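Working notes for the structure below.
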Amino acid sequence: QHIQTKILDVKDSNGDHKHKKFRQMFAQICGYYAWRNVNDFNVENHIRVVNLRSLYSGDSRGTYTLGDIPDIRENEFSPTVARSSVDDELIHRYISEEGTSPLSPDRPPWEIILLLRGDRRYTVLVRLHHAIGDGVSLMRLWMEVMVEPLLSLPPVGSHSTSPLVRGTMMLWSAMVLPLGLLQLVANFDNNVLHGPPLSGTKIMTASAGLPLAVLKQVKVAACATVNDVLMSCLAAALTKHFTRRLQEVPQVTVAVPVSFHDFKEAPALINRFSVATIKLPTLHTFTPTARLAATKRVLDEMKRDPALGSVMWLVRMVSGVLPASLAQRIISGAGVTAAASNVPGPQQEISIWGHKVEDMLFWVPNRAPVGVSVSFASYMGEVKVGLNVDVALIHSRQEAQMLLRDMEDELQLLYRQLVVARK
């Protein structure tokens, strides 16, 4: 009911559905991607309830559609009960299995799955096609419409400028577009995490959480940003992974989205980001502080890249104008080891449907030839790291968790060297 009244049924001043993509199908028409209205849209086709322990015990009653949901009483959920690591493992197992299954081609490409746990909690899993909107627009919609209290997220993206300044910037960006396009496609990584044929089976897991207060202390001491510190920790974890697999890799190419949202505009379901590729330093000879300094230089250069604006429009043109098969080849991600995305969330406690939210995270999708995706989601003083990796590259959940723990260890090293040692 909340989703129906607060999102699906909301109309604009012209009487059209404000968030109409939730009522449309994203499909190929005559070889081109396009949105098509669905006349028989029914929200019940997009909501399921799964009892995890029943499902994995072999009980056929583990999954319900909206019309068959059993009676769930309010007092069945209580955050005062200790959180179960068994249920956390079942959550990651289910997401790994369900996350690789395609959304129905006969309905709008989204669904919400309510995962009932055995520790008097539930997890809300939202699956949707990236064409509906990017992480910033979806997070903003959710925070400004669905949560209690309603929030406005901190700005992520470009500041509003005058038409003259925007025009000058776009003209300069267009002039250097060939260089930006070359940086985007001329990547030739070949390592144990990029090159082997992918299986299509994924491991999706998450970290225990990086304390935001520690991240901020390190960033101040290093004159860096929180994102610089996170990406340096990722570079260190990749370095250790390569070392364990007896491979020396000087650097890896990582694709990162760069937001072009104007935070003064009303929230809308759009994809407004450019794509940049950066070279993370992964030589094992780097000290933690030297790696952070090198990572900061790489990210600073990316932020100053004048071609980012033109690349954004080029990607939109390629995906919207060219035939689908050709568009997929141009933006395939060949030569890129990983994709990484950082979406900041609220730092105060929120509730949804009257229940307090304990955790918030997301996973970045990936498709061949890229088989590693990393996400950073901040909420209530913690940054959760999500990892989505093909089993042809990282073969077990334990191995994937080790990479996440290596990130946590690197942050502690930076904290001791840059903060504690200077007190």
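The values are calculated or read from the model by the stated rules, or taken from the named source; none is laboratory data. All figures in this text were calculated on a predicted structure; none of them were measured in a lab. Glycine also receives a Cβ, built like all others from the backbone with ideal geometry; neighbour counts cover every protein chain displayed. Heavy atoms of the whole protein, side chains included, go into the accessibility calculation; ligands, DNA and RNA do not. Shrake-Rupley method; radii C 1.70, N 1.55, O 1.52, S 1.80 Å.
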_Of all residues making up region 245-277, the number that are surrounded by fewer than 22 Cβ atoms within 10 Å (Cβ to Cβ) and without any contact (Cβ under 8 Å) to a residue 60 or more places away in the chain_ = 9
_Check on Ala290, modelled with pLDDT under 90, farther than 25 Å from Lys20 by Cα and over 16 Å from the mean Cα position of the chain (by Cα)_ = no
*Which residue out of Gly354, Gly345, Gly381 is among the small types (Gly, Ala, Ser) and either surrounded by 20 or more Cβ atoms within 10 Å (Cβ to Cβ) or touching a His at 6+ places or on another chain (Cβ under 9 Å) (or both)?*
Gly345
_Residues of region 400-423 satisfying the condition of being assigned to a helix (DSSP H, G or I), farther than 15 Å from Thr287 by Cβ and open to solvent by less than 40 Å² (accessible area, probe 1.4 Å)_ = Ala400, Leu403, Leu404, Asp406, Met407
*May I ask you to list the residues in region 199-213 that are more than 24 Å from Leu90 (Cβ to Cβ) and either of a type in the set (Ser, Thr, Tyr) or crowded, with 17+ Cβ neighbours inside 10 Å (or both)?*
Leu212
*Select from region 226-244 the residues that are open to solvent by 10 Å² or more (accessible area, probe 1.4 Å) and touching a Lys or Arg at 6+ places or on another chain (Cβ under 6 Å) and list them in ascending order.*
Val226
_Restricting to region 1-51, count the residues that are under 24 Å from the mean Cα position of the chain (by Cα) and open to solvent by less than 50 Å² (accessible area, probe 1.4 Å)._
15
